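Reading through the C-alpha cells given below for one structure.
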Amino acid sequence: MRLLRKISLTSWIFIALVLGILLGVLFPAFARSLEPISNIFLRLIRSIVGPLLFGTLVYGIASAGELKTMGRIALKAVTYFEVATTLALVIGLVMVNVFQPGAGLTLAGASGAPLPALAKPVSLSQVLEHAVPSNVFESLAQNDVLQMVVFFFLFGAACSAVGAKAQPVIEFAGSVAEVMFRYTKYVMFLAPFGVGAAIAVTIGSKGPGVLFSLGKLVGTLYLAQILFVLLVLGTALTIARVPLGPFYRAARQPFLLAFSTASSEAALPLALENMERLGIPKHIVGFVLPTGYSFNLDGSTLYLSLASVFVAQAAGVHMPLGTQITMMLTLMLTSKGVAAVPRASLVILAGTLGTFNLPLEGIALILGVDALMDMCRTSVNLLGNCVATAVVARWEGVAIRSAPGEPLEVALTNR
C-alpha cells in the first residue's frame, strides 16, 4: 500500500491510459459501459472552470494595479498568438505536401457515409461579437470561457478603479481562487479513473480500427505536431529563457489530461494552478491562458491546414501553392472562432472545403480517425497556451522559478 502511495499522479494517469486502451480493444462492450465514469469526471472538471476564472482573473487584475499594464500584456499575448498560429499553419502545409497522405485514397467510398450535422462557420466579426456576454450567468452555465474572460477582465478592472471600497470583493475573489485550487486537488484524485474510462469508451465505441485506419494521415499529423512543439514552442521557451525542467513538470499533467480526454476544459483548471506554481502572477495566468483557448489554438490550426489539403489530395484536386497560401490566410482568421461553435474543428474544416470547392465527403473520410487526431490537437492547444503564458510572463520581466512550488502530484501523494 505504501508503494502505491509513492506512485505519482502522472504515472497513475499513464497507467490508466494504457489500461483503458486494453479494455477498449479486449472488452469493447464493457468499455462502452464506462461512459458514465468519464462523464462524471468531465462534469466535475467543468464545475471548476467558472469559479476558478472568477477568482484568478478578478483578484489578479485588481491586484495588478494600472489598466495600462493589462493593455500591454494583451498586446504582447495577441502578438505571440498570431506568430505561433501562423507557424502552425505553415508546418501543417509543409508536412501534408511532403508526405502526401491523401495520395492514393479515394472519396468514392466515403460519399455514402452520413455527414455530421455541422453548424455554419462563423466570421471573425461574429467571434468578436460573441465574446461580449449579454448575461454572465448564462456564460457561466454554458462554460463559455471567452465570454467569462471578457466579463471578469472588465469586472477586475472596475474593482481596481474603485479602490478601497472594492477591497472586500477583491479579497473574496482571492479566497474563491484558493478554495477552487483545493477543490481541483480533490477532483484530481479521480483523474486516473476518468482518463481510463474516456479512452476505453473511445476505443470500445470506434473499434480498434480507429488506431490503424488512415494511418498515414494520423502519422503525418502527429509528426507535424511533434515538429511544431520542438521547433516553435521549444524555440519560444528557449528565447524567453523559461527553465525547461520546471516548465515540463508543470505542463505534463494538464497535457496528459487534454490528450486522454480530448477536452481542453478538463485540463484548464490544473494548467492555471501549475502555471502559478512557476511564479507567474495571477493576472497574467488568468488572462493569457483562457484567452488562448479562443485565439491560440495551435494544434487545431495545424490540423486544419493539413486536413484541408489532405481532402484535396484524396479528391484528386491539384491545389497550386498560391491557392494554399490563400487558404492559409483564410484559416488564420476563421480558426480564431474554432472554440465558439459546435463540433469545433470540423465546422471550420467544412467551411474551408466549401470555400475552396473541395468535396464535403472528405469529412466523412476523416471521421473514422478524428477521435485520435482530436486528442493530439487538443493537447497541443493546451501546451501552446501554457508556453504563451510563460513567454508573456518573461516578456513582462517575471522571473520563472527554477524550483517551482510543491507539484500537485506530490501534494496529492502526501495527503
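The condition (being part of a helix (DSSP H, G or I), modelled with pLDDT of 85 or more and within 22 Å of Lys282 (Cα to Cα)) is satisfied by just one residue among Phe259, Phe152: Phe152.
Yes/no per residue for (1) more than 14 Å from the chain's Cα centre (by Cα); (2) within 14 Å of Ala390 (Cβ to Cβ); (3) assigned to a helix (DSSP H, G or I); (4) at pLDDT 90 or above:
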position: Phe228; (1), (2), (3), (4): yes, no, yes, yes
position: Leu237; (1), (2), (3), (4): yes, yes, yes, yes
position: Arg241; (1), (2), (3), (4): yes, yes, no, yes
position: Gln253; (1), (2), (3), (4): no, no, yes, no
position: Ser294; (1), (2), (3), (4): no, no, yes, no
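When segment 371-402 is filtered for residues that are part of a helix (DSSP H, G or I) and surrounded by fewer than 20 Cβ atoms within 10 Å (Cβ to Cβ), the ones remaining, listed by number, are Ala371, Arg394, Trp395.
Residues satisfying the criterion are absent from segment 26-34 (criterion: over 22 Å from the mean Cα position of the chain (by Cα), in a helix (DSSP H, G or I), modelled with pLDDT under 80 and surrounded by fewer than 21 Cβ atoms within 10 Å (Cβ to Cβ)).
Considering segment 351-367, and only residues there that are hydrophobic (A, V, I, L, M, F, W, C) and at pLDDT below 70, the residue that is nearest to Pro320 (Cα to Cα) turns out to be Leu365. The set of residues from segment 155-174 being surrounded by 12 or more Cβ atoms within 10 Å (Cβ to Cβ) and either within 20 Å of Leu272 (Cα to Cα) or small (Gly, Ala, Ser) (or both) comprises Phe155, Gly156, Ala157, Ala158, Ser160, Ala166, Ile170, Glu171, Phe172, Ala173, Gly174.
Restricting Leu22, Leu42, Leu52 to those that are assigned to a helix (DSSP H, G or I) and at pLDDT 85 or above reduces the list to Leu22. Inspect segment 316-323 for any residue being out of contact with any His (no Cβ under 7 Å at 6 or more places or on another chain), closer than 23 Å to Val391 by Cβ, polar (S, T, N, Q) and modelled with pLDDT under 85 and give the result as yes or no. The answer is no; no qualifying residue exists.
Only residues that are basic (Lys, Arg) and within 21 Å of the chain's Cα centre (by Cα) were counted in segment 42-98, giving 3. Among the residues of segment 135-149, just one is modelled with pLDDT under 85 and loosely packed, with under 12 Cβ neighbours inside 10 Å, namely Ala141. Pairing each residue of segment 144-157 that is without any contact (Cβ under 8 Å) to a residue 12 or more places away in the chain with any residue that is surrounded by 22 or more Cβ atoms within 10 Å (Cβ to Cβ) and not in a helix (DSSP H, G or I), provided the two are 6+ apart or on different chains, yields no C-beta distance under 8 Å. Which residues, counting only those in segment 333-350, are at pLDDT below 75, on the phi < 0 side of the Ramachandran plot, among the hydrophobic types (A, V, I, L, M, F, W, C) and in a helix (DSSP H, G or I)? Listed by number, the residues that qualify are Leu333, Val338, Ala339, Ala340, Leu346, Val347, Ile348, Ala350. Here is a check on your reading of the model: is Phe181 part of a helix (DSSP H, G or I) and surrounded by 14 or more Cβ atoms within 10 Å (Cβ to Cβ)? So Phe181 fits the description; yes.
Does segment 206-224 include one or more residues that are among the aromatic types (Phe, Trp, Tyr), modelled with pLDDT of 80 or more and within 30 Å of Gly354 (Cβ to Cβ)?
Our first condition is that a residue be among the aromatic types (Phe, Trp, Tyr); within segment 206-224, this holds for 212, 222.
Add one more test, that the residue is modelled with pLDDT of 80 or more, and what stays is 222.
Still in the running and within 30 Å of Gly354 (Cβ to Cβ): 222.
Checked against the condition, which is being among the aromatic types (Phe, Trp, Tyr), modelled with pLDDT of 80 or more and within 30 Å of Gly354 (Cβ to Cβ), segment 206-224 yields at least one hit.
For segment 262-278, which positions are in a helix (DSSP H, G or I) and touching an Asp or Glu at 6+ places or on another chain (Cβ under 9 Å)? Residue satisfying the conditions is Arg277 alone. Looking across segment 311-326, the residues that are in a helix (DSSP H, G or I) and more than 15 Å from Pro359 (Cα to Cα) come down to Leu321, Gly322, Thr323, Gln324, Ile325, Thr326.
The values are calculated or read from the model by the stated rules, or taken from the named source; none is laboratory data. Please read these numbers as outputs of a predicted model, since none were measured by experiment. When we count neighbours, we look across all protein chains shown, and the Cβ atoms used for this are built from the backbone with ideal geometry, even at glycine.
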